[in-house]
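Peer 1: Got a structure for you, written out below as structure tokens; questions coming shortly.
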Amino acid sequence: MKKDNLEKIAKEYHLNPKLNDMHIENFNQNYYANWLLKYTYKKKILEMGFGDGILTGHLSKSSSKIDLIEGSSLLANKAKKKFKKIRVINKMFEEFFPKKKYDVILASHILEHVDNPVKILKKISTWMHKNSICIIHVPIRSSYHRQLAVIMKLQKKLDSLSKRDYIVGHKRVYSINKMKLDLKKSGMRIKEIKGFFVKFLPNSMMINFSNKLLFALNKIAEITDPSLCANVSFIVMKKKI
């Protein structure tokens, strides 16, 4: 993705106060972050992408050794002002060549945005030591809400991109198998797969959902097939040689 596109997405989505569904995404991110923290306590962390800064806020409470790489100058500057103790690197992922290795790399909602996911995954592997983990979080094409949209003829295919997908800069929606294939090509092995948020409706129809209901839709994902959830996390390591 070009830097100009990142700045456009930052303005139209992450820095846009007029969007009325951000509380849904923020709630889900906070729920996800609480699960994430068990892997990040006192670790050397690299967070890929700032987004809305919710995950960064949680990470900053679990470790003092955090680097953040963000391609958008607008979001990088916001991160620098808000999180003084975090090292913010305003570069594209392709331009990043760190001298150190990280214990935990967080690629939350990254791979659906990039031009070449396998290339980025291979690059991530060079930032890892033999015991590092990378936590990859992506939207899933077989989610209940996408299946219902196809049945109702609201979209042609499970992986058709919606208007909202284009606003946030999505280039693809993953299947579990597609992610497994990309990870295999990149030399990664999967330790764990976990689903998040059981979503039946588009955000526009959930605007008035209570926090209690949003919590329940996240909680029930713990006993739901990950392929039916809205998002899935893959905890991965480098393949043993």
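Peer 1: Going through the cross-link list Lys38/Lys171; Lys156/Lys178; Lys153/Lys212, which pairs have a Cα-Cα distance over 22 Å in this structure? Can you show the working numbers first?
Peer 2: On the way: Lys38/Lys171 30 Å; Lys156/Lys178 19 Å; Lys153/Lys212 30 Å.
Listed pairs above 22 Å: Lys38/Lys171; Lys153/Lys212.
Peer 1: Ranked from the most accessible area to the least, with a 1.4 Å probe and all protein chains present, what is the order of Glu95, Glu192? Intermediate results must be reported in sequence, preceding the final value.
Peer 2: Values: Glu95 100, Glu192 65 Å².
The ordering from most to least exposed comes out as Glu95, Glu192.
Peer 1: Using a Gaussian network model of the chain with C-alpha springs under 10 Å, which one of Leu213, Leu36, Leu228 is most mobile by mean-square fluctuation?
Peer 2: Leu213
Peer 1: Over all directions, average the projected area of the Cα convex hull of the chain and note it in nm².
Peer 2: Values: hull surface 50.3 nm².
That works out to 12.6 nm².
Peer 1: A further question on this structure: Using the Karplus curve 6.51 cos²θ - 1.76 cosθ + 1.60 with θ = phi - 60°, what ³J(HN,Hα) values do you get for each residue of the range 83-95, in whole Hz, with x for Gly and Pro?
Peer 2: 10, 5, 8, 9, 7, 9, 10, 8, 9, 6, 4, 5, 9
Peer 1: Please give the Cα centre distance for the range 51-84 versus the range 6-49, rounded to the nearest Å.
Peer 2: The range 51-84 and the range 6-49 have Cα centres separated by 10 Å.
Peer 1: Could you tell me the convex hull volume per residue, in Å³, taken over the Cα atoms of the range 139-191?
Peer 2: Numbers: hull volume 4.9 nm³, N = 53.
It is 92 Å³ per residue.
Peer 1: Kindly write out, for the range 50-60 in residue order, the coupling ³J(HN,Hα) from the Karplus curve 6.51 cos²θ - 1.76 cosθ + 1.60 (θ = phi - 60°), rounded to whole Hz, with x marking Gly and Pro.
Peer 2: 8, x, 9, x, 5, 5, 4, x, 5, 4, 5
Peer 1: If you roll a 1.4 Å probe over the heavy atoms of the protein chains, what accessible area per residue do you get for the chain, in Å²?
Peer 2: Solvent-accessible surface per residue comes out at 53 Å².
Peer 1: Hey, another quick one. Rounded to the nearest 10 degrees, what's the angle between the helix 73-82 long axis and the longest principal axis of the chain, both from Cα atoms, 0 to 90?
Peer 2: Tilt of helix 73-82: around 80 degrees.
Peer 1: I would also like to ask the following. In the range 40-140, which chymotrypsin sites (Phe, Trp or Tyr not before Pro) fall in coil by DSSP and have 13 or fewer other Cβ atoms within 10 Å?
Peer 2: Filter output for the range 40-140: Tyr41.
Peer 1: Using θ = phi - 60° and the Karplus relation 6.51 cos²θ - 1.76 cosθ + 1.60, list the HN-Hα couplings for the range 151-157 in order, rounded to whole Hz, with x at every Gly or Pro.
Peer 2: 4, 7, 6, 7, 9, 6, 10
Peer 1: Within the chain, what percent of beta bridges assigned by DSSP are antiparallel, to the nearest 5?
Peer 2: Working: 14 of 31 bridges.
So the antiparallel bridges amount to about 45 percent of the total.
Peer 1: Which one, Ala79, Ala230, Ala149, has the greatest fluctuation when you compute a Gaussian network model over the chain with C-alpha springs under 10 angstrom?
Peer 2: Answer for the Gaussian network model of the chain: Ala149.
The values are calculated or read from the model by the stated rules, or taken from the named source; none is laboratory data. In this text the structure is predicted, and so the values were computed from the model without any measurement. With ideal geometry, Cβ positions are generated from the backbone for all residues, glycine too; neighbour counts draw on all protein chains shown. Surface areas here come from the heavy atoms of the whole protein model, side chains and all, with no ligands, DNA or RNA. Shrake-Rupley method; radii C 1.70, N 1.55, O 1.52, S 1.80 Å.
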